[in-house]
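Here the structure comes first, spelled out in C-alpha cells, and everything after it is commentary.
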C-alpha cells in the first residue's frame, strides 16, 4: 500500500497505470482503427479575424474605403450591428504576412503569429470553413454540439461516452477557461458547451478552476480525514446501490461513478497541477505566462500533462476575439496570448511522441467581415460577424501535415473552392478517432441525435493521412 501511494505520484507510473486501468466506452466503438486517441481543442471564442491572421488578401489594399460590391455580398444576411450602416467600406488588413515553408506550396501567416508560423509544417489549415449561425451563442452551441439550440450533448461528452478514457484517475473530459488581454467585454460561456445533455451525466466536462482548488470541494473539510471520507463514500455507495436495485435508474450508477472519481481526483488532480518537476526549459518554451494559473499558456501546458495522463478530450477556451471595433488595438494582444503557447504545445507533444495520436484543433465559431464596422481609417477599423468563410486548423492525430485546404474569393467573403461545413469538421474529428459519425447516434425524443446534426456529414478526406 505504501509503495502504491508513492508510485501514484510518479507521472511515468500514472501513464502506465492509465493504459492498464482505462475506462471503457460503449460496445462496438471505435468502428475502425483510429489514428488519434485523444483531442485537444483550442477554441477562440468570439471569432478570430481570418483575413488578419491566415487568409492573406494582398489585393485588398487597392480597395481601401471602397464599397463592398453587391456581386460579392449577394444579399447576405447581416447582423443588426451593421445592417443599418449606409455603407460597407472595405477594410484591408494592416498586417504583413509571411509565407512559411510547409513542405508544399507554403502557408501565408500573419506577422501577429510568428511562433505559429514555425510549426506550419505540422498544420492542416482549412480556410473555407462555414456555418449558418451568425450570432455567438447559437454559433458556439452549433459547432460544439451539432445544433444551434440548447439541449444536445457536447463534443467532449460524446467522445467520453463513446470511447471512454485511458485512465480512471482523471476525468475523460476536462475544460480549461483562459484569461485574455484583448477586448475585456466578452461573450459568456455557458456550461452546456461542455454538458452531457441526454448522455449520462458522468460524461459532462469537468471545469478546472484557475484559483483555489482546481475542482470545488476537492480538499476535505477541516476535521475530515481521507479515511473518514472513504467510509462516507462506502456508506453512500450502499444507499445508492439499494436505490438502483429498486428503481433501475442508470443515473444512480452514474452518481456512484462520479463520487468514486471525485475521491480518486483528490490525489490525481494535485499531482496534475503540481508543476515543480517541470524543467525551466518547459516554461521557456511556453512563455512567461505559463507559470500564471489560468492563462492560455498555463492551460496549454496543462493540456499536454492531461494528454500524458490519458484524458480523452481537453477543451481550452480563450475569450475576447470579438473585435467589432478597435481591432488593431485588441487583436495583437489576443494573438500574443496564444501564439507562443500554441507552437510550444505542438512541439512539446511531438518531442514526447504524443502528437501522432493526439489531435489538436484550433478555431472559433465563425469569421469576420472584410468590410468595416464603425469608423474606418488607415490605422483603425473593426469587423462584424461573418459565417460564410473562416479559418480553422488541425495538427497531429492522423492529419496531413503542412497543407492548406480550400480557397476563398479575393475579399475573404465567399468560398470558391473546397467548402467545409462545421458538421464536416466534426465528422473529421470523429473519423480520426475511429468513429463513423452517421452510426454514432442516440435516439432523443424522436430524433437520432448526432454530433454532426440530423443530416449526413462526411469527413474531409483530403486533410487526412
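The values are calculated or read from the model by the stated rules, or taken from the named source; none is laboratory data. Since the structure is predicted, the reported quantities are computational estimates derived from the model, not experimental observations. Reconstructed Cβ throughout: ideal geometry from the backbone, glycine too, with neighbour counts over all protein chains shown.
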Considering the range 379-390 alone, what residues qualify as being more than 21 Å from residue 145 (Cβ to Cβ) and either free of Cβ contacts under 8 Å to residues at least 12 places away in the same chain or part of a strand (DSSP E or B) (or both)?
-> 383, 384, 386
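Are any of the residues in the range 240-252 in contact (Cβ under 8 Å) with a residue 40 or more places away in the chain, out of contact with any strand residue (DSSP E or B) (no Cβ under 7 Å at 6 or more places or on another chain), assigned to a helix (DSSP H, G or I) and under 17 Å from residue 204 (Cα atoms)? Don't jump to the end; show me each part of the working.
First, pick out the residues of the range 240-252 that are in contact (Cβ under 8 Å) with a residue 40 or more places away in the chain: 250-251.
Checking the rest, the ones that are also out of contact with any strand residue (DSSP E or B) (no Cβ under 7 Å at 6 or more places or on another chain) come to 250-251.
From what's left, assigned to a helix (DSSP H, G or I): 250-251.
After this cut, where a residue has to be under 17 Å from residue 204 (Cα atoms) as well, the list is 250-251.
Looking for residues that are in contact (Cβ under 8 Å) with a residue 40 or more places away in the chain, out of contact with any strand residue (DSSP E or B) (no Cβ under 7 Å at 6 or more places or on another chain), assigned to a helix (DSSP H, G or I) and under 17 Å from residue 204 (Cα atoms), one finds at least one in the range 240-252, hence yes.
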Please enumerate the residues belonging to the range 198-219 that are surrounded by 13 or more Cβ atoms within 10 Å (Cβ to Cβ), more than 18 Å from residue 253 (Cβ to Cβ) and out of contact with any strand residue (DSSP E or B) (no Cβ under 6 Å at 6 or more places or on another chain).
-> 209, 210, 213, 215, 218
Only one of 116, 82 that is touching a residue at least 12 places away in the same chain (Cβ under 8 Å) and under 20 Å from the mean Cα position of the chain (by Cα) = 116
Quick count over the range 119-142, residues being under 16 Å from the mean Cα position of the chain (by Cα), under 19 Å from residue 192 (Cα atoms) and touching a residue at least 60 places away in the same chain (Cβ under 8 Å), is 4
Would you be able to say whether some residue in the range 158-167 is surrounded by 19 or more Cβ atoms within 10 Å (Cβ to Cβ), farther than 22 Å from residue 408 by Cα and more than 19 Å from the chain's Cα centre (by Cα)?
-> yes
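Kindly indicate whether residue 311 is part of a loop (DSSP other than H, G, I, E, B), touching a strand residue (DSSP E or B) at 6+ places or on another chain (Cβ under 8 Å) and farther than 26 Å from residue 75 by Cα.
On the way: part of a loop (DSSP other than H, G, I, E, B): yes; touching a strand residue (DSSP E or B) at 6+ places or on another chain (Cβ under 8 Å): yes; farther than 26 Å from residue 75 by Cα: yes.
Spelling it out, residue 311 is indeed part of a loop (DSSP other than H, G, I, E, B), touching a strand residue (DSSP E or B) at 6+ places or on another chain (Cβ under 8 Å) and farther than 26 Å from residue 75 by Cα.
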Exactly one of 147, 152 is in contact with a helix residue (DSSP H, G or I) (Cβ under 6 Å, 6 or more places away or on another chain), more than 24 Å from residue 309 (Cα to Cα) and buried (at least 19 other Cβ atoms within 10 Å of the Cβ), and that one is 152
Count of the range 9-37 residues which are surrounded by 18 or more Cβ atoms within 10 Å (Cβ to Cβ), modelled with pLDDT under 95 and touching a strand residue (DSSP E or B) at 6+ places or on another chain (Cβ under 9 Å) = 3
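Restricting attention to the range 349-378, report how many residues are more than 19 Å from residue 78 (Cα to Cα), in contact (Cβ under 8 Å) with a residue 40 or more places away in the chain, out of contact with any helix residue (DSSP H, G or I) (no Cβ under 6 Å at 6 or more places or on another chain) and assigned to a loop (DSSP other than H, G, I, E, B).
Of the residues in the range 349-378, 2 are more than 19 Å from residue 78 (Cα to Cα), in contact (Cβ under 8 Å) with a residue 40 or more places away in the chain, out of contact with any helix residue (DSSP H, G or I) (no Cβ under 6 Å at 6 or more places or on another chain) and assigned to a loop (DSSP other than H, G, I, E, B).
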Quick one: which residue in 120, 133 is surrounded by fewer than 23 Cβ atoms within 10 Å (Cβ to Cβ) and within 20 Å of residue 364 (Cβ to Cβ)?
-> 133
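Does the range 317-337 contain at least one residue that is within 14 Å of the chain's Cα centre (by Cα), under 17 Å from residue 209 (Cβ atoms) and in a strand (DSSP E or B)?
yes
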Given the range 89-198, what strands (runs of 3 or more DSSP E) lie entirely inside it while holding 2 or more residues that are modelled with pLDDT under 95?
-> none
Please state which of the following conditions residue 394 fails to meet, knowing it meets all the rest: (1) touching a residue at least 40 places away in the same chain (Cβ under 8 Å); (2) farther than 22 Å from residue 331 by Cβ; (3) surrounded by fewer than 24 Cβ atoms within 10 Å (Cβ to Cβ); (4) under 20 Å from the mean Cα position of the chain (by Cα).
-> (3)
Kindly establish whether residue 60 is at pLDDT 95 or above and not in a loop (DSSP other than H, G, I, E, B).
-> yes
